[in-house]
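*Asks:* Next up is a structure, given as C-alpha cells.
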Protein chains: 2
Amino acid sequence: MIAELISVGTELLLGNIVNTNAAYLAQECAQLGLSCYYQSVVGDNMPRLRAALLAALERSQVVILTGGLGPTTDDLTKETAADALQMPLEMDRHSMERIEAYFAGIGASMTENNRKQALVPHGAIVLDNDNGTAPGLILEKEEKRVILLPGPPNELRPMFEKSVRPYLAAICPGTLYTRTVKICGMGESKVAARIQDLIDRQTNPTVAPYAKSGEVHLRVTARAQDEKEGARLVKPLVRELKERFGMHVYTTDPEVTLERAVVDLLLANRLTVSTVESCTGGMLSSRLINVPGVSEVFKSGFITYSNKAKRKIVGVKKSLLQKYGAVSLQVAEEMAAKACSLTKSDVSVSVTGIAGPDGGTKEKPVGLVYIGCCVCKKTTVKEYHFSGDRAKIRELSVAAALTLMRQCILEYYSQMTFGKQ
Amino acid sequence: MIAELISVGTELLLGNIVNTNAAYLAQECAQLGLSCYYQSVVGDNMPRLRAALLAALERSQVVILTGGLGPTTDDLTKETAADALQMPLEMDRHSMERIEAYFAGIGASMTENNRKQALVPHGAIVLDNDNGTAPGLILEKEEKRVILLPGPPNELRPMFEKSVRPYLAAICPGTLYTRTVKICGMGESKVAARIQDLIDRQTNPTVAPYAKSGEVHLRVTARAQDEKEGARLVKPLVRELKERFGMHVYTTDPEVTLERAVVDLLLANRLTVSTVESCTGGMLSSRLINVPGVSEVFKSGFITYSNKAKRKIVGVKKSLLQKYGAVSLQVAEEMAAKACSLTKSDVSVSVTGIAGPDGGTKEKPVGLVYIGCCVCKKTTVKEYHFSGDRAKIRELSVAAALTLMRQCILEYYSQMTFGKQ
C-alpha cells in the first residue's frame, strides 16, 4: 500500500520551522509497511493545496496531511480536503464539547474562532486531540484514505500513536519490524567502522547508524509478514551488535532514553542521586527529572554557576578554586564529593566546563568540560573536549554525564561482585 | 521569481533523517525575494525524480535539487537532471583535480566510483565543494535554472553561501523583509482574535501568528525592492502590533529569545537572580544559563524535587508542606522568598507543580503548577493549569516562569517610577 505525506504551512515554505513531522510520519509509515514515494510541502493556499491533494490521490492510497487545522482563517486544510472529496462540513457536537472542556480545564475563555475547529466533513472519523483543540480526521472515499493531523508535534504524535497507527495497522498487510540498539560513550565513526562488514553484506534485516547527541543508535529493520516473523529475523543481528558493543549498549527498547536507563539503574540498586552543575546549569537534572518515577531516587540538585555559588552552596574550598580554577579536574571532583556528603546521596554527578562563546583561553579552550561522578564515596573524574556552539557543548556534556554515571555505577557493582567471588 | 525545492533521498522518505536542508534553503530563498510555493521529497529513483523535476519546471523558474550527488550507483540526481534537460554528461577536468586533491589532503586513496562525481552536464556552471567531493551544478536552459547541491548540510551550506546566493541575488529583483513581534503571556487564539481585522485586510505587508511553547510570534513580512523599502513597509504594522499587545511584546529582534529578554532586563537593572525548581527540575535555570553573559546575574539554582529537599535545602517549613502540600500557593511563595534570602539575590523564581503522568488528584490534577517570583522582597504567586504530557507541562511551566519574572520586574520598576512622581 502506498502512502504520501503533504505538510501544509507557509512557515515551512518560508523555512521558519523544520519539518520534523514529515520525518516522524515517514518513519511510522515505513514501520507499518507502507511505501512512501513522495512527500510535499504546500502553503496555506486553497488552490495549490487542492492540486497537491488531488495529485497525491492519483498515485497513493493513503494521504496524510499535517497542519492547517488551527482556529484562524489561514487554516484551511480541512476545508480544502472536504471540498476536494465532496464531503460537506458539519458541526461535530462531541468535538465542540471537548474544545469547551479544554478551555475550561486551562481556565481560559474560548474565542469564537475555536468553533471552526469543531466542524468536520460529513462521514469523517474524528480523532480526539488530547493536547490541543483541533481534532484529527480520517476521510474514507472509494478505497482512498485521507488523514488530517494537527501541525504541532506534541499534538500530532500522541494522536498518531493512539488513533492513526492502529487504524493503519489494520489496513496494511505486512510490516517493517525495527529494533534499535542504543549505544553511549562511543563516537559515530568508530561505531560505523565496527559494523562496516555487517552493512556491506546486509539484505534483510538491514542495520543503519544514526548519530544522536552524544549517542549512536543502530536501527535494525526487517521486512516481514508479521511482527513475529520480524522479531525472528532481527534477533541474530541484534545479538551480534550487543556482543560487539558490550557495555556501551544501554538498551534495545525504543522507549528507553539514556536518562531513563540511568534512573532504572539507580532504582534497581536502590541508590539516591544528586547533581551539581555549572555550565550545564540544570540541563542534566532536568533530563533526569523528565523520567516519571524519578522522585524515588532524585534527592537534590544545585546550580553553582559562579565561583561564589560553588563555595557557598556546596562548599568547594576557595584555595582549590584559586589554585586550579573552576574548570578543573580537582574542582569537579570536589563538587561531586561535597554534593554526596551534603545531601547524603549514594551517587552524585558534577559538571564544570567552558560552554562559550566567551571565557576560553589557550590552556582552557571553549569546549573543555570536566565531569565528576561519585558512587558510594568513590569519585571518578573525566576530561572532555567538545566542539560546537554553547547549546551543543552543554547538550554533549549532559549526555557525557549520563554516560559516566551509568559506567561508574556498573563498574562499582561489577567490582563488588568480583570481591565476593 | 518562483523557486521550488526538491530533496532527493530514500533516507528522507524513510524518515531516517530530518530535512533541515529544506528549511535552510527555504529561508534563504525567502530572504532573496524568491517565492516558494512547493517543496517535495522523492527517493533515489530515476523515473519519479524525472517526473518531479519536470513538474517543478512547469510551475517554477528556479528548481533547487539537493542530495543524490554521491559516488555510489544509488546517486542519480545529476544523471536525471542532465537527461531531463538534454545536457549530456562530460568529464570536468577541474573537478577531477579537486577530487584527487581532496583525497590526497585527507590521506585516503580515491576509489574508482569517485570519478563519477567529476562528470558534469555540458554547459553547466560548476560550483566547487570545499567540504567534500561532489561539486554543485547550475544548469541554465531557456529561462529556467536547475541548481544541484550535495545533501550533507556541511557541504551544502558553505556552497550555497559562496556560490548560489550571489548567483540568485544577481537574477532576483526585490526581497522579502521580515520582522517578528514576539509575545508572551497570551494564548494563540486570543492573539489571533485580536489581529483578525489586520489579517482580513492585509496585502503587503502580511502578518501571521506562529505558536511557540508558551509564546506566540507574529511574523510581519513585506515584499520590497530592497531592505530599506522593506523596513519602511513593515514599520507601521509593527508599531500597531506593539500598541495592541503592549507589555506582552518582549522583543521584535529575531535573535532575542524570552530567556534572553529576561536576562537583559536583569542586567539593565543590575539585579541578581536565583531559582528553586521542583517539577521543572532545572529546565528553567538551564534556559537562563543558555544565555551567554548570564554569569553577571545568575547566583544559584536549587532543584528541590522532594519535600525533604524543599525543607533541607531552602528551608520551607514542614508545617507549611503538611498543611497545604508541596504543590500549593503557600509553598511556592515560601520557596521564592527563602531562595532570595538564602542566596541574597534580588530576584528569585520558584516552580512547584504536578507534571504527571502520575501524582494527580481530583483537587490537584496533573498540570496544576504554582510559580512564585520574588523581586526585592515582594513575592507574587500565580496558579496555572497546563495540559499535555510531562515534557509539555514542564516546558510550559518554564515559559510561564520566564513570563512572570519579566512581568514582576517590569511592574516593580513601573511602581517605583509612580512613587517618584
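*Asks:* Taking +1 at the Cβ of each Lys and Arg and -1 at the Cβ of each Asp and Glu, which of A:Asn290, A:Leu320, A:Thr352 sits farthest along the dipole of the stretch A:227-355 towards its positive end, judged by Cα position relative to the Cα centre?
*Replies:* A:Leu320
*Asks:* Considering only the protein assembly as shown, what is the antiparallel percent among its DSSP beta bridges, to the nearest 5?
*Replies:* Close to 65 percent.
*Asks:* Quick one: label points 7 angstrom along Cα→Cβ at B:Arg93, distances to the other copies in nm, smallest first?
*Replies:* Its label point is 8.2 nm from the equivalent points in the other copies.
*Asks:* If each label sits 7 angstrom from Cα along the C-beta direction, how far apart, in nm, is A:Met186 from its counterparts in the other copies?
*Replies:* Label-point distances to the other copies, shortest first: 5.4 nm.
*Asks:* Separate question: If I take R0 = 30 Å and measure r between the Cβ atoms of A:Lys318 and B:Tyr413 in this structure, what FRET efficiency does the formula 1/(1 + (r/R0)^6) give, to the nearest 0.05?
*Replies:* Calculated value: 0.25.
*Asks:* Another one. Roughly how big is the stretch B:176-251's charge dipole about its Cα centre, with Cβ charges of +1 (Lys, Arg) and -1 (Asp, Glu), in debye to the nearest 20?
*Replies:* 120
*Asks:* Relative contact order for the stretch A:258-420: what is it in percent, counting Cα pairs under 8 Å that are at least 6 residues apart?
*Replies:* Once divided by the residue count of the stretch A:258-420, the mean separation gives 23 percent.
*Asks:* Now for a separate question. Treating the angle as unsigned and between 0 and 90°, give the value, to the nearest 10°, between the Cα long axis of helix B:329-343 and the longest Cα principal axis of chain B.
*Replies:* Between helix and principal axis, roughly 80 degrees.
*Asks:* Next question. Which percent, nearest 5, of DSSP beta bridges in chain B are antiparallel?
*Replies:* 65
*Asks:* Based on the alpha-carbon gyration tensor of the stretch A:356-405 and its eigenvalue square roots a ≥ b ≥ c, which shape applies: rounded if a/c is under 1.5, prolate if not and a/b is larger than b/c, or oblate?
*Replies:* Oblate, since a/c reaches 1.5 and b/c is not below a/b.
*Asks:* For B:Arg270 and A:Thr361, FRET efficiency with R0 = 25 Å and r from the beta-carbon atoms, rounded to 0.05?
*Replies:* For R0 = 25 Å, the calculated efficiency reads 0.35.
*Asks:* Follow-up. Please get the size of the charge dipole for the protein assembly as shown, origin at its Cα centre, with Cβ charges of +1 on Lys and Arg and -1 on Asp and Glu, quoted in debye to the nearest 20.
*Replies:* Using only the charged Cβ atoms, the result is roughly 4060 debye.
*Asks:* Here is a follow-up. In the stretch A:258-420, what % of DSSP beta bridges are antiparallel (nearest 5)?
*Replies:* Close to 60 percent.
*Asks:* Between copies, how far does the label point of B:Lys228 sit from its twins, in nm, shortest first, when each point is 7 Å from Cα along Cα→Cβ?
*Replies:* Copy-to-copy label distances for B:Lys228: 7.6 nm.
*Asks:* What is the distance, in nm, between label points placed 7 Å from the Cα along the Cα-to-Cβ direction at B:Glu296 and at A:Asp128?
*Replies:* About 5.1 nm, to one decimal.
*Asks:* Turning to a different aspect of this structure: Could you tell me which GluC sites (Glu not before Pro) in the stretch A:100-154 are loop residues by DSSP with no more than 16 other beta carbons within 10 angstrom of their beta carbon?
*Replies:* Listed in order of number, the matching sites are A:Glu142, A:Glu143.
*Asks:* For labels at B:Lys212 and B:Glu97 in the simple 7 Å Cα→Cβ model, what's the distance in nm?
*Replies:* That separation, rounded to one decimal, is 4.8 nm.
*Asks:* Using +1 at the Cβ of each Lys and Arg and -1 at the Cβ of each Asp and Glu in chain B, identify which of B:Ala332, B:Leu53, B:Thr252 lies farthest towards the dipole's positive end.
*Replies:* B:Ala332
*Asks:* Helix A:227-245: angle to the longest alpha-carbon principal axis of chain A, degrees 0 to 90, nearest 10?
*Replies:* Roughly 20 degrees, rounded to the nearest 10.
*Asks:* For the stretch A:101-209, just say rounded, prolate or oblate: build the C-alpha gyration tensor, square-root its eigenvalues into a ≥ b ≥ c, call rounded for a/c under 1.5, and beyond that prolate if a/b exceeds b/c, oblate if not.
*Replies:* oblate
*Asks:* Would you work out if the stretch B:167-216 is rounded, prolate or oblate? Take a ≥ b ≥ c from the square roots of the eigenvalues of the alpha-carbon gyration tensor; rounded if a/c is under 1.5, else prolate when a/b is larger than b/c, oblate otherwise.
*Replies:* Taking the square roots of the gyration eigenvalues as a ≥ b ≥ c, the stretch B:167-216 is oblate.
*Asks:* Can you tell me the orientation of helix B:93-105 relative to chain B, as the angle in degrees between its alpha-carbon axis and the longest Cα principal axis, to the nearest 10?
*Replies:* With both axes taken from Cα atoms, the answer is about 50 degrees.
*Asks:* Could you give the dipole magnitude of chain B about its Cα centre, charging the beta-carbon of Lys and Arg +1 and that of Asp and Glu -1, in debye to the nearest 20?
*Replies:* So the magnitude is around 2700 debye.
*Asks:* Using R₀ = 45 Å, calculate the FRET efficiency as 1/(1 + (r/R₀)^6) where r is the Cβ-Cβ separation of A:Lys344 and B:Asn113; round to 0.05.
*Replies:* That pair, A:Lys344 with B:Asn113, gives E of 0.15.
Quick note: the coordinates plus some simple rules give every number you see, no bench work behind them. Please read all numbers here as calculations on a predicted model, not as lab measurements. Using ideal geometry, Cβ is built from the backbone for each residue, glycine included, and neighbour counts are taken over all protein chains shown.
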